[in-house]
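**Student:** Quick one: structure below, then a few questions.
The values are calculated or read from the model by the stated rules, or taken from the named source; none is laboratory data. Bear in mind the structure is a predicted one, so any value in this text is a computation, not a measurement. Cβ atoms come from the backbone with ideal geometry, glycine included; neighbour counts cover every protein chain shown. What goes into the accessible areas is simple: the full protein's heavy atoms, side chains included, and nothing from ligands, DNA or RNA. Shrake-Rupley method; radii C 1.70, N 1.55, O 1.52, S 1.80 Å.
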Amino acid sequence: MTTSLLSARYRWATIGTVGLVFLGAFESLAVTTIMPTVSAELDGRSWYSAAFSATLAASVVGMVAGGLWADRSGPRRPLLGAVAVFATGLLLAGLAPGIELFVLARFAQGLGSGAMVVSLYVVVARLYAPVDHPRIFGAFAAAWVIPSMVGPSVAGVVADTVGWRWVFLGVVVLALAALAAVLPALRRFEDAPEPAAAATGARLLLAVVVALAVVGLDRAGRAPGVTAYVGAGLTLLVVVLAVRPLLPPGTLVARRGLPSVIALRGVIAATFFSTEIYLPYLLQQHYDLPTWLSGITLTVGAIGWAAASQLQARLGARLEHVRALELGSVLLWAGIAGELVAAWAHLTPWLVVAAWVLAGAGMGLMYPRISALVLAASTPADQGAHTSAMSIADAVGGSTAVAVTGLLFAAVGTEAEWAPFAAVFAATTVVGGVSVVVARRARVAGTGQRPSRAATSAPAT
């Protein structure tokens, strides 16, 4: 029998954990909306992409470190440490006098958010009965959807009225309040050390190398002349070599089956997120929209994502996993191509908005089915490794693409204000085309193609 998430047993844990997920989602979307204002005020146009890639890259380290820490001592200390690091990053970002400290603060936010997500899932596993897991994960999913719909506009209003710094400083207070709510539940956990696997130290070291290399990739391309290309190329090679052992064999070449499923997660993250961060920037600079209104693209994209996610859940077994991935990849590619046409041909901003609905719908179709395929292809012994690899592919794919498109954006220059955006969207359109090819290779032998409705409606992280 299920227990209410707001029963005496769960009440404060539910309020606190859902609150932390909500704030993490709000902060992520808020930064995308206000970053053009931040970069202008801190004279940091050349650091624009680094403010995003640093966070995504650092989250890889946070995920690995948080998971190892939680396995060794339980979720209490990792969660407390993760929120402390996350809040410190928010505080530093809100007080940053220059762009360099701001990017460092964003790196700290990534470390904290990555570890926080892993720790929260361990809290759920150890506190909530298995029968209640679908509902608490559903609450986590809702905690992402709501900020997607209101967060960009709220952040824009705050930035336009009291200043962008309060977007970060305000979240610090709310994060500490959410942690206070979950503290009574954390007291139930006893520290119970478990033997660590021999390879854990190596995995953490590789995660650190990946994160530093991604941040270095963004900066290497700023060097003068041919040095920039050589430095960027070598740094990108380091990223590839370091992430390879963290993923199933064959992932980087999209080998048929599970490797292609995990590769697809990285490719679509690269496509979507490296496009998304430039949409508010495009609407503010090219179409002269106010900050609060430029966030509408993020809102409609989230609506498209949520609607498509619900649709694929309702269709259940009537829509095969691979068909969902194929259709979703085409929708994503079409949406990115629409952004390219709008920027290149100086078309109405409404096309920018409409195209992002398509892209969001594509992601909504694919994310839950990728998660379902990964779990279906896993045994209890490797579920953790495979889901971790999926999250790592997501974060590394997104952060690397953001760094590379940031170099492209800076290289094109600003002589024609639309040109850097068109160049970035042209590159992400090509990557979106790759996702269409990889999706066709993602059928996993032995999993069947008639997933349960429960599996296909589960939220992806």
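**Student:** Filter the range 37-48 down to the residues that are open to solvent by less than 10 Å² (accessible area, probe 1.4 Å) and outside any loop (DSSP other than H, G, I, E, B) and list them by number.
**Tutor:** The answer is VAL38, SER39.
**Student:** Another question about this same structure. Is there a residue being of a type in the set (Ser, Thr, Tyr) and modelled with pLDDT of 85 or more anywhere in the range 291-301?
**Tutor:** No, the range 291-301 has no match at all.
**Student:** Looking at ALA355 and the list (1) open to solvent by 10 Å² or more (accessible area, probe 1.4 Å); (2) without any contact (Cβ under 8 Å) to a residue 40 or more places away in the chain; (3) in contact with an Asp or Glu (Cβ under 6 Å, 6 or more places away or on another chain), which single condition is not satisfied?
**Tutor:** (1)
**Student:** Just one of VAL182, VAL240, VAL215, VAL230 is at pLDDT 85 or above and part of a helix (DSSP H, G or I); which is it?
**Tutor:** Just one listed residue meets the conditions, VAL240.
**Student:** Taking the criterion of being of a type in the set (Lys, Arg), surrounded by fewer than 24 Cβ atoms within 10 Å (Cβ to Cβ) and in a helix (DSSP H, G or I), would at least one residue in the range 302-319 satisfy it? Can you show your working first?
**Tutor:** Taking the range 302-319 and keeping what is of a type in the set (Lys, Arg), we get 314, 318.
From the residues that got through so far, the ones that are surrounded by fewer than 24 Cβ atoms within 10 Å (Cβ to Cβ) too are 314, 318.
Narrowing further to those that are in a helix (DSSP H, G or I): 314, 318.
Within the range 302-319, one or more residues are of a type in the set (Lys, Arg), surrounded by fewer than 24 Cβ atoms within 10 Å (Cβ to Cβ) and in a helix (DSSP H, G or I).
**Student:** Picking from PRO420, PRO368, PRO451, which residue would you name as being at pLDDT below 75 and either assigned to a helix (DSSP H, G or I) or more than 23 Å from the chain's Cα centre (by Cα) (or both)?
**Tutor:** Of PRO420, PRO368, PRO451, the one residue that is at pLDDT below 75 and either assigned to a helix (DSSP H, G or I) or more than 23 Å from the chain's Cα centre (by Cα) (or both) is PRO451.
**Student:** Shifting gears a bit: Does ALA324 fit the bill of being assigned to a helix (DSSP H, G or I), open to solvent by less than 40 Å² (accessible area, probe 1.4 Å) and either in contact with a strand residue (DSSP E or B) (Cβ under 6 Å, 6 or more places away or on another chain) or modelled with pLDDT under 85 (or both)?
**Tutor:** Judged against the criteria, ALA324 is not a match.
**Student:** Going through the range 330-352 one residue at a time, which ones are buried (at least 21 other Cβ atoms within 10 Å of the Cβ), within 22 Å of ALA439 (Cα to Cα) and small (Gly, Ala, Ser)?
**Tutor:** Once the filter is applied, which keeps residues that are buried (at least 21 other Cβ atoms within 10 Å of the Cβ), within 22 Å of ALA439 (Cα to Cα) and small (Gly, Ala, Ser), the range 330-352 yields GLY335, GLY338.
**Student:** While we're here: Pick from the range 1-30 the residues that are touching a Ser or Thr at 6+ places or on another chain (Cβ under 8 Å) and of a type in the set (A, V, I, L, M, F, W, C): which of them is surrounded by the most Cβ atoms within 10 Å (Cβ to Cβ)?
**Tutor:** LEU29
**Student:** Looking at the range 252-273, I want the residues that are farther than 14 Å from VAL330 by Cα and among the basic types (Lys, Arg) and have a partner that is open to solvent by 10 Å² or more (accessible area, probe 1.4 Å) and not in a helix (DSSP H, G or I) with Cβ atoms under 8 Å, at least 6 apart or on another chain. Which pairs are those?
**Tutor:** ARG255/PRO249; ARG255/ARG441; ARG256/ARG441; ARG256/ARG443
**Student:** Spot the failing condition for ALA337; the list is (1) at pLDDT 90 or above; (2) under 19 Å from the mean Cα position of the chain (by Cα), and only one is missed.
**Tutor:** Status for ALA337: all satisfied but (2).
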